[in-house]
Amino acid sequence: MARPVGTIGKGTDVGKIRSDNQDSFEVRELPEATLLVVADGMGGHLGGKLASRMCVDTIVRNVESSDIQWNDPHQIRSLLEQVLLRANTEVHRESRSNEDAYNMGTTAVVVAVVGNLAHIAHVGDSRLYLLRDGQPIRLTTDHTAAQFLVDTGQISPQEARGHRDSHRLMRAIGILAQVEPDVRTEAQVLQQHDTLLLCSDGLYDVVDGREMAIAVKKFGPQKAVEKLIELAIQRGGPDNVTVVTFRRDDRDGLLTRFGEFLSREERGLPIYAWAVAAGALVLVTTFLTLALT
């Protein structure tokens, strides 16, 4: 099975409030899949950074060394569950043996794109969005106390956004000896130009899903990542912010990327506008030259 064809964007920033970045991420293009991971650590300066990095490294290492049939969805789901369980074991063991990182933990959202299918698993409140035709679709549910209140009908989704328990985690990697990964039972089918966006709460706390979708549609994967991080910083940058995107391109990916190049802004105007202006100047110059000879 050939690796899925897609365009990737990625970036992270410490934000304006925190002194260190406790987020980690990774993108790996494997022979038969593309692996995307975002983790948001917690537990102090050393603990949070160590937890998220350990988690990401454990996931990547175990996926890369796995020997599964990538055309078998059951094996892929089982693999994603197992790598999150192993990450939990590694982080929890370190948190109990390292005094400087005691009680550290991390969130994790993991996606394995195989062909036109996205296989999804997560623990915590880092999120995955599907951005399609300028519209956002959330593919993960936060493992938070506020989300539990929503699920049980005690508060509305709107009330959950600013709730005092909006980031009180009910599940996290490394906090307890056991954790239950949330593995999506059905893979998400990706249409042409669909974009997957993984992010830490430093983004979605200050930038909503519709703004993410608009940015991706307007700028493309990498430029959109940069613009979204910039927007989060402009809105106070209250937390570390990490964004990873994958857009399904298939055969016309080259044409898509050329279109992105033409849409890229230089000195406030897209490149295609400068090209049109330059072409018009050449035509006018040629006309005047011919008229004067």
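Against the conditions (1) acidic (Asp, Glu); (2) at positive phi; (3) within 17 Å of the chain's Cα centre (by Cα), Asp194 satisfies every one except (2). The residues on offer are Ala160, Ala108, Ala118, and the sole one that is in contact with a Leu (Cβ under 8 Å, 6 or more places away or on another chain), buried (at least 17 other Cβ atoms within 10 Å of the Cβ) and modelled with pLDDT under 95 is Ala160. Could you tell me whether the range 92-115 includes any residue that is more than 15 Å from the chain's Cα centre (by Cα) and within 19 Å of Pro4 (Cα to Cα)? Checking the range 92-115: at least one residue is more than 15 Å from the chain's Cα centre (by Cα) and within 19 Å of Pro4 (Cα to Cα). Residues in the range 171-194 that are under 20 Å from Val56 (Cβ atoms) and small (Gly, Ala, Ser): Ala172, Gly174. The numbered conditions (1) in contact with a Ser or Thr (Cβ under 7 Å, 6 or more places away or on another chain); (2) modelled with pLDDT under 95; (3) among the charged types (D, E, K, R) are all true for Arg247 except (2). Among the conditions (1) modelled with pLDDT of 95 or more; (2) within 17 Å of Val111 (Cα to Cα); (3) in a loop (DSSP other than H, G, I, E, B), the only one that Arg3 does not satisfy is (1). Within the range 31-52, the set of residues being under 30 Å from Asn71 (Cα atoms) and touching a Lys or Arg at 6+ places or on another chain (Cβ under 7 Å) comprises Pro31, Glu32, Ala33, Thr34, Leu35. Go through the range 272-293 residue by residue and tally those that are modelled with pLDDT of 70 or more, of a type in the set (Ser, Thr, Tyr) and surrounded by 10 or more Cβ atoms within 10 Å (Cβ to Cβ). So the answer is 2. Checking Val179, Val216, Val207 one by one, the residue that is surrounded by 21 or more Cβ atoms within 10 Å (Cβ to Cβ), in contact (Cβ under 8 Å) with a residue 24 or more places away in the chain and either outside any loop (DSSP other than H, G, I, E, B) or touching a Ser or Thr at 6+ places or on another chain (Cβ under 8 Å) (or both) is Val216 and no other.
Can you find a residue in the range 139-146 that is over 15 Å from Ala172 (Cβ atoms) and among the acidic types (Asp, Glu)? No; the residues of the range 139-146 include none that is over 15 Å from Ala172 (Cβ atoms) and among the acidic types (Asp, Glu). Just wondering, is there one or more residues in the range 88-98 that are modelled with pLDDT under 95 and basic (Lys, Arg)? Yes, the conditions are met somewhere in the range 88-98.
The values are calculated or read from the model by the stated rules, or taken from the named source; none is laboratory data. Here the structure is a predicted model, which is why all the values come from computation and not from measurement. Neighbour counts run over all protein chains shown; Cβ positions are idealised from the backbone, glycine included.
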